[in-house]
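As structure tokens, the structure follows; a few thoughts come after it.
The values are calculated or read from the model by the stated rules, or taken from the named source; none is laboratory data. These figures come from a predicted structure and were not determined experimentally. Every residue, glycine as well, gets a Cβ built from its backbone with ideal geometry; the counts of neighbours run over all protein chains shown.
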């Protein structure tokens, strides 16, 4: 491969991805749920190809090359592009208020859940691990409350997905992180989500999407996830 070129498929959507990356999985899920054909260029993040800076100077995944040669980066940007480019798939509401409510939910998840999944792994002190778990569970209670609020709205239709009976943009954006939470912190730190009322909506949501092809078709094997995240796990200091 020349230093001035990179691989892509002519007149097609090319997704530059890494199968174990929860952010890259957003892009793949968006195309899958929208039923839009695409090709994947798998990027080994530990041994990135010399040409990849031509696609994404930040050297992150995912990235997308559209049929007209436009390059897009950042997972939520790509997922929203797919939703807007293919409105017939109804991944996103066209109502501005409903879209804003969904963005707030994704932001809540991104600030209250995702960081503490990793914090629970990288903390070596038992006390710090406990604080990370407490923050994670507090964030899940907040997510639970937002799901309850959404399901009382007309767009929520009582659940069990954000848009009622439809696996949509909320799931595309977030289920990889729930799947990660359910496997890796559980394995290494014993973190589990209680089956109690304050987590009931979250558990209802998780049960629903865990059986949906939108989740299962992209989900890595548990053993593969556990092995991949081993490098982030700090040895506990006793």
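Points worth noting:
- Within the stretch 185-218, the set of residues being within 25 Å of residue 232 (Cβ to Cβ) and under 15 Å from the mean Cα position of the chain (by Cα) comprises 206, 209, 210, 215, 216, 218.
- Flag if residue 42 is within 23 Å of residue 229 (Cα to Cα), more than 15 Å from the chain's Cα centre (by Cα) and not assigned by TED's automatic domain parsing to the domain that holds residue 174: yes
- Residue within the stretch 56-66 that is under 25 Å from residue 179 (Cα atoms) and in contact (Cβ under 8 Å) with a residue 60 or more places away in the chain present: no
- Test: residue 30 is crowded, with 18+ Cβ neighbours inside 10 Å, under 22 Å from residue 216 (Cα atoms) and touching a residue at least 60 places away in the same chain (Cβ under 8 Å): yes
- Residue 130 being outside any loop (DSSP other than H, G, I, E, B) and out of contact with any helix residue (DSSP H, G or I) (no Cβ under 8 Å at 6 or more places or on another chain): yes
- Every condition in (1) under 20 Å from residue 21 (Cα atoms); (2) touching a helix residue (DSSP H, G or I) at 6+ places or on another chain (Cβ under 9 Å); (3) outside the structural domain of residue 206 (by TED's automatic domain parsing) holds for residue 116 except the one numbered (3).
- Among the residues listed as 156, 164, 168, 139, the single one being under 27 Å from residue 221 (Cα atoms) and without any contact (Cβ under 8 Å) to a residue 60 or more places away in the chain: 139
- Helices (runs of 4 or more DSSP H) wholly inside the stretch 135-231 that include at least 2 residues being outside the structural domain of residue 33 (by TED's automatic domain parsing) and surrounded by 17 or more Cβ atoms within 10 Å (Cβ to Cβ): 169-189, 200-210, 213-216
- Test: residue in the stretch 100-110 that is within 16 Å of the chain's Cα centre (by Cα), within 26 Å of residue 28 (Cα to Cα) and outside any helix (DSSP H, G or I): no
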